[in-house]
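Encoded as structure tokens, the structure appears first; notes follow it.
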Amino acid sequence: MTFSVRLLCALFLLAGGAARAADMPPSMDKLAAKVLPAVVSIAAMAPAGKNSGQGDNSQGDNGVGDDGGADSSALHATADTPDNAAGTVVPPPKTVESLGSGFVFDPAGYILTNAHVVNNANTVIVTFPDGTVYTATIAGRDKPADLAVLKIDAGHKLPYVKFGDSGKLRVGDWVLAVGNPFGLPSSSSAGIVSALHRDIGDTDFDDFIQTDAAINKGNSGGPLFNMAGEVIGVNSAIYAPSGASDGVGFAIPSAMAEPVAEELAHSGSMTRGWLGLATEEVTPQIQAALRLPGTDGALIGSVSPGSPSDGTLRTGDVVTGLAGVNVANPRELQIRTAEIPAGQKVSVQYRRDGSEAQTKITLTAPPAALDDTVTPPIPGPIALQGLGLSVAAKPAANGVSVLAATGPAAKAGIVPGNVIEQVNGQTVASAGDLQERLKPLAGQLPVFLISGNAADGSNPGPRWVPVQPAS
């Protein structure tokens, strides 16, 4: 082998070794040393018989359960107390102890954890990595998001960690989970973001970060860090058919956790904002009927009178962003709205009549109850040939009442008592309007905006229904 060939082979080996070294996971020693002082172990004591939220460590049929305490079913009792008068021993009250995790997000002594960690607890003990122990009070709980804030009075500023932007996460990003698994404090595990926006049916606003970083019982309430040492998630649940970490853990994103933490710390509760919109998916049929560029967004079916959106947004608009965050569907709009406390003014991006627009809306607290009254059908049938629809001649308050639905209309889910409000994005105020709107669509696919009860008897609010005319 000539010298040049040997040199070339050596260069290839060096290059291959460098590539393999570059692919190795980064060391997280400095990251762990930076964040560990702010991560605490939590022991929550509740009277036996009370549901502590972790006490049974049970899992649902889908295998998704909370990652409760390492020994949350253990019973602890004080020494027996003699009853001299009766000459018997009276058993003392028993307690259930749940173990979890948390982290200091405010140096004044505010700690974020999961609501299920401290559910029904009458005593909460917080232990720092250096062994310092405090008794904490519960500053506030938010069960819809499964979050709670604890307060301790240390007499000095505490080490704390900052929140990061979970919206910048990408699948494959490295993350570090820290907590108290199985009662082993200051335990760290590394992994990647496995998926985003997971809905596992655990909370009202499921939008979980999925990670393969090891998360076990006792990690609940602990932080999930990005490589900058910022909290981008709160570890909350695991999918664990085996009872231990199987590489599928879930964390509440910081986009939800941060505003809830701040509200609980400063006001003791989280009052979420309300837009006053009923929305639905943009289907390909609706996209074509309303001449939209795509199916992303939340199509407005109705705007509640007197709501923050009343007079600004209207039926047929498609909301595409809220507070600078893109909205791909109605559920994303619901979650983004739930992240914003009432009273805040936010930007809303939307499409109307083929054009993009933006406005500012101040969110308010939702009303105590919403009016779900269905407009009753009014006699006076007018048949719409080819669609299987019979509608009232006299206009309803917000459109045209359906008196009968057969054939194509019934197949599409339209039922008597529904009210047709629009056809292909154009408002109809009477049966005559409806007939005029349908004339140029002869043989084509009309899309109706329908309100009132669905075929299953539920009242999902206004929705867009495409009807394929009979051939």
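The values are calculated or read from the model by the stated rules, or taken from the named source; none is laboratory data. None of these values were measured; they are calculated from a predicted model. All Cβ positions, even for glycine, are placed from backbone atoms using ideal geometry, and neighbour counts span all protein chains on display. Note: areas computed on protein heavy atoms with side chains; ligands, DNA, RNA excluded. Shrake-Rupley method; radii C 1.70, N 1.55, O 1.52, S 1.80 Å.
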*Say whether the condition of being open to solvent by 10 Å² or more (accessible area, probe 1.4 Å), at pLDDT below 80, assigned to a strand (DSSP E or B) and more than 15 Å from VAL465 (Cα to Cα) is met by at least one residue in the range 400-414.*
no
*Run ASP206 past the list (1) among the acidic types (Asp, Glu); (2) open to solvent by 10 Å² or more (accessible area, probe 1.4 Å); (3) touching a strand residue (DSSP E or B) at 6+ places or on another chain (Cβ under 8 Å) and report the number of the one that doesn't hold.*
(2)
*Any residue in the range 158-174 that is among the charged types (D, E, K, R) and either open to solvent by less than 10 Å² (accessible area, probe 1.4 Å) or over 30 Å from ARG336 (Cβ atoms) (or both)?*
no
*Unique residue being in contact (Cβ under 8 Å) with a residue 40 or more places away in the chain, open to solvent by less than 10 Å² (accessible area, probe 1.4 Å), farther than 30 Å from ALA139 by Cα and among the polar types (S, T, N, Q) when the list is SER302, SER309, SER254*: SER309
*For the range 176-251, list the strands (runs of 3 or more DSSP E) that sit wholly inside it and hold at least 1 residues that are of a type in the set (Phe, Trp, Tyr); which are they?*
208-211, 223-225, 231-239
*Every residue from the range 313-322 that is buried (at least 19 other Cβ atoms within 10 Å of the Cβ) and in a loop (DSSP other than H, G, I, E, B)*: THR315, GLY316, ASP317
*Going through the range 427-458 one residue at a time, which ones are hydroxyl-bearing (Ser, Thr, Tyr) and outside any loop (DSSP other than H, G, I, E, B)?*
THR427, SER451
*Can you name the residue in the range 432-455 that is in contact with a Ser or Thr (Cβ under 8 Å, 6 or more places away or on another chain) and either modelled with pLDDT under 85 or polar (S, T, N, Q) (or both) and, of all such residues, is most open to solvent (accessible area, probe 1.4 Å)?*
ASP433
*Which of (1) without any contact (Cβ under 8 Å) to a residue 24 or more places away in the chain; (2) of a type outside the set (A, V, I, L, M); (3) at positive phi does THR295 not meet, given it meets every other one?*
(3)
*asked:* Between GLY201, GLY183, which is in contact with a strand residue (DSSP E or B) (Cβ under 6 Å, 6 or more places away or on another chain), modelled with pLDDT under 95 and not aliphatic (A, V, I, L, M)?
replied: GLY183
*asked:* Please go through the range 99-147 and give me each residue that is in contact with a helix residue (DSSP H, G or I) (Cβ under 6 Å, 6 or more places away or on another chain) and open to solvent by 40 Å² or more (accessible area, probe 1.4 Å), ordered by number.
replied: TYR110, PRO129, ARG141, LYS143
*asked:* Step by step: first the residues of the range 461-471, then only those that are touching a residue at least 40 places away in the same chain (Cβ under 8 Å) and out of contact with any strand residue (DSSP E or B) (no Cβ under 7 Å at 6 or more places or on another chain), then the one that is least open to solvent (accessible area, probe 1.4 Å). Which residue is that?
replied: PRO469
*Which residues, counting only those in the range 355-387, are at pLDDT 50 or above, hydroxyl-bearing (Ser, Thr, Tyr) and in a loop (DSSP other than H, G, I, E, B)?*
none
*Any residue in the range 111-128 that's at positive phi: show its pairings with residues that are part of a loop (DSSP other than H, G, I, E, B) and open to solvent by 30 Å² or more (accessible area, probe 1.4 Å) at Cβ separation under 9 Å, as long as the two are six or more apart or on different chains.*
ASN120/LYS50; ASN120/ASN51
_Criterion first (open to solvent by 10 Å² or more (accessible area, probe 1.4 Å), under 22 Å from SER41 (Cα atoms) and without any contact (Cβ under 8 Å) to a residue 12 or more places away in the chain) does GLY155 satisfy it?_
yes
*Kindly indicate whether GLU281 is buried (at least 18 other Cβ atoms within 10 Å of the Cβ) and acidic (Asp, Glu).*
no
